Amino acid sequence: MLGTITVLSQQTKQYGLSKICRLDNVVTVVDALRLRDEFNCGEQLVKEEIEEEDIENLLIQQIEFCTKIILNKVDELKEEELNKVRAIIRKLQSKAEIIETNYGKVEVGKILNTNAFDLEEVATSAVWIEELNREDNEEEEKEGETEEYGIGTFVYCRRTPFQQEKFAQFAQHFPTNIIRCKGVIWFANEPETSYVFEQSGKQVQAYEGGTWVASCSKEEQEQIIAENPEILKEWDEKYGDRIIKLVFIGQKMDQQKLTAMLDKCLVE
C-alpha cells in the first residue's frame, strides 16, 4: 500500500495533477462486529495457515497505514469487547483518529477535504515503526506500555548476528499470541546484507533491505555518513550499523521466554 501511495504522490507532482487533485485522507473501515466474531475482538488476528492475500494480513496493513479509522457497528459489542477492540487497534496504530459509529454514519467533513494526509507521518505512524525508532532500546529489551487485556509491545535488540538456520527454525514455530513483528536483522553468513523481517499471524517473511554502511569502502562510508549523520547514533565500533532490532506486538507475551528463544538463534 505504501508503495502505491508513494507513486501516486510522485505522479501528481510529475504530471501537474496537484493543481487539480490531491491525496487528502486515507480511511480504513473496521467492522467491529466481525472483528469480535472472527478474530476474538482482534485478540487473534491469526489462524493456522495465513497466506499473504488473506484478510488477516490485509486488516493489519490497513490499520497500520491510514489517517482515519472508522470503527463501525460499535453498538453490537459489549463495552468490554469494544475496549478490547480499541486496545488492539491502538497497539497497531497509535496516531490515526478513530471514529466510532453505526451503519457507517460519518459526517462528510470528517473524511473529505480534511488535509489530513502527510506521507511521512502516515508512513511512520504504525506502532512498530515508533518502537523501532526509539533511541533507548539498544542492547536491551524495552517493554512498552501494557494496556488492559495484556496487549503490549517490546523491542528485542542485539548486535551479534543470527545463525540463519536456527532463526529459520524459530520463524517456523512463531508464537501464536504475537499479533505483529517487524524489524531489521542480519545473518552471520551474509554480513554485507541487511534483511527486513515481517510477521503477521502465521505469515512470516524476510527480504533483503540493502547493504550495511559498514560493508562499504571507507570512502563510501564517509560520504554516506556525511549525508546521513543520524547513522552515527547507533554506530558500533565493532559492528558499525549492523544490528538486530525486532518490534513485537502481542497479548500476554512471555518476554523472557521469547528473548531466550531468540538469543539461542544468535551466533555464539
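Readers should treat all values here as calculations from the given coordinates under stated rules, not as data from a laboratory. Quantities reported herein were computed from a predicted structural model and do not represent experimental measurements. Every residue, glycine as well, gets a Cβ built from its backbone with ideal geometry; the counts of neighbours run over all protein chains shown.
Mind giving me the nanometre distance, one decimal, between the label points for residue 226 and residue 31, set 7 Å out from Cα along Cα→Cβ?
So the two model labels end up 5.7 nm from each other.
Tell me, in nm to one decimal, what length is gained between residue 216 and residue 114 on full extension, where the rule is 0.36 nm per residue of separation less the Cα-Cα distance? Walk me through the intermediate numbers first.
Values: separation 102, 0.36 × 102 = 36.72 nm, distance 4.43 nm.
Going from the current span to full extension adds 32.3 nm.
Any chance you could check the Cα centroid distance between the stretch 77-100 and the stretch 216-232 for me, in angstrom?
Between the Cα centres of the stretch 77-100 and the stretch 216-232 lies a distance of 42 Å.
Stretch residue 236-residue 263 to full length: gain in nm at 0.36 nm per residue minus the Cα-Cα span?
On the way: separation 27, 0.36 × 27 = 9.72 nm, distance 1.94 nm.
Extra length from residue 236 to residue 263 when fully extended: 7.8 nm.
So what are the three principal axis dimensions of the stretch 139-268 from its Cα atoms, in whole Å, longest to shortest?
Its Cα atoms span 51, 31, 25 Å along the three principal axes.
Output needed: percent of Cα pairs per 10 Å distance bin for the stretch 177-236, bins running from 0 to the one holding the longest distance.
That works out to 20, 41, 27, 11, 1, in percent per bin.
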